[in-house]
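Only one structure is covered here, and it is reproduced in the block below.
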Amino acid sequence: MNVPMDYVLALSGILFVLGVLGVLVRRNAIVIFMSIELMLNSANLALIAFARAMAPGIEAQRGHVLVFFVIAVAAAEVAVGLALIVAIFKTKQSIDVDQVSSLQG
Amino acid sequence: MTIDLILFFGIATIAVISAISMLVSRNAVYSALFLVLNFVAIASLYLLLNAAFIAMVQVTVYAGAIMVLFLFVIMLLGAEKVETSPSLPWQMPVAILLGLVLIAEFAYVLFGRVAQVGGELVGVGEGFGSPASVGRTLFDQYLVPFEVTSILLLVAMVGAIVLTRDDRKESR
């Protein structure tokens with residue numbers, strides 16, 4: 001690919017900022033969670049771009065391995081997080097994060 | 001303007017527009033579907049960056065498994081329409097201001113050459129990023145982290161089951 005690395009990193013940064021905005025602005029807990037996934041994904045994009053910039057050299061594939069681990073951890077995080085959201089919905093009947101400001105059930 | 005550049009800008013436009021649509025759509029189901037589109041766009045970007053294995057993992061795990069889980073929970077809770085009026089009127093402007101500050105910092109790091117990135121890309125070696133090659137790296141050098149990941153996934157599964165278990169059935 002003949003695209004300068006700066007462009008890919010800029011796209012990664014833009015996607016990350018959009019994820020941050022989603023966390024700050026939205027109050028639906030599931031959408032906030034999806035924004036976090038967006039941020040993880042933009043970080044993965046930057047990692048892949050850096051791995052590509054280190055090529056040739058098969059050692060650069062360590063970046064790919066790191067992205068693989070990030071995806072696995074994200075899968076675990078989604079499982080636990082969605083279970084938490086379901087548990088909160090069971091007690092509060094709402095997943096609006098403004099309604100869940102008190103820790104006591 | 002090479003074909004790669006055209007491809008990159010097309011995919012990047014799709015990714016950014018789908019991310020923005022995810023943020024602004026009122027219905028959580030639409031948000032999830034726009035996020036799937038975003039993940040697929042980024043997966044094709046991985047293909048452009050010679051990361052074939054990671055692109056396939058992205059499509060199967062992220063766009064497949066994780067987003068199906070999201071959609072399942074959204075439909076289970078019937079939570080696609082909740083969004084009350086904002087109780088903090090200054091929240092939106094402050095969030096946009098903070099986002100602009102973050103973009104400015106990214107631009108400073110990227111174009112102010114604080115971080116030494118960029119330069120021309122050279123060609124990749126044979127099999128770079130292919131499943132066989134990444135798998136060899138994974139199992140030669142990162143076998144222990146790989147196994148720890150499996151334990152992590154097991155713990156997450158147990159945690160999810162414990163969190164969503166119905167306590168009233170236990171006492172019966």
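Between residue B:16 and residue B:30, residue separation times 0.36 nm minus the direct Cα-Cα distance comes to 3.5 nm.
Using only Cα atoms, tell me the angle between helix A:29-54 and the longest principal axis of chain A; keep it within 0 to 90° and round to the nearest 10. Between helix and principal axis, roughly 10 degrees.
Which angle from 0 to 90°, rounded to the nearest 10, does the C-alpha axis of helix A:5-25 make with the longest principal axis of chain A? Result, in degrees: 0. Across all C-alpha atoms in segment A:1-101, the radius of gyration and Dmax reach 17.0, 54 Å. When every alpha-carbon pair in the protein assembly as shown is counted, what percent end up more than 36 Å apart? Roughly 20 percent, once rounded to a whole number. Note on B:97-108: average number of Cβ atoms from other chains within 10 Å of each residue's Cβ is 3.
For chain A, the longest principal axis of the Cα atoms and the long axis of helix A:62-92 meet at an angle of about 10 degrees. Here's the picture: charge each Lys and Arg Cβ at +1 and each Asp and Glu Cβ at -1 in chain A, and of A:45, A:11, A:76 the one pushed furthest to the positive end of that dipole is A:76. This model, with +1 at the C-beta of Lys and Arg and -1 at the C-beta of Asp and Glu, gives chain A a dipole about its Cα centre of some 180 debye. For the charge dipole of the protein assembly as shown, defined by +1 on Lys and Arg C-beta atoms and -1 on Asp and Glu C-beta atoms about the Cα centroid, which residue among A:91, A:61, B:139 has the Cα displaced farthest towards the positive pole? Of the candidates, A:91 comes out farthest on the positive side. Helix screen, chain B: DSSP H segments with Cα axial length of 27 Å or more and mean Kyte-Doolittle hydropathy at least 1.6 are B:3-24, B:28-48, B:91-111, B:143-164. Here the dipole of the protein assembly as shown is about 640 debye; that uses its Cα centre as origin and unit charges on the Cβ of Lys and Arg (positive) and Asp and Glu (negative). Using just its DSSP H runs of length 4 or more, each adding -39500 (n - 2.57), chain B gives a mean residue ellipticity at 222 nm of -22500 deg cm²/dmol after division by all residues.
Coordinate-derived values only; no laboratory data. The structure displayed is predicted, hence computed values, not measured ones. Don't worry about glycine lacking a Cβ; one is built from the backbone with ideal geometry, like all the others, and counts go over all protein chains shown.
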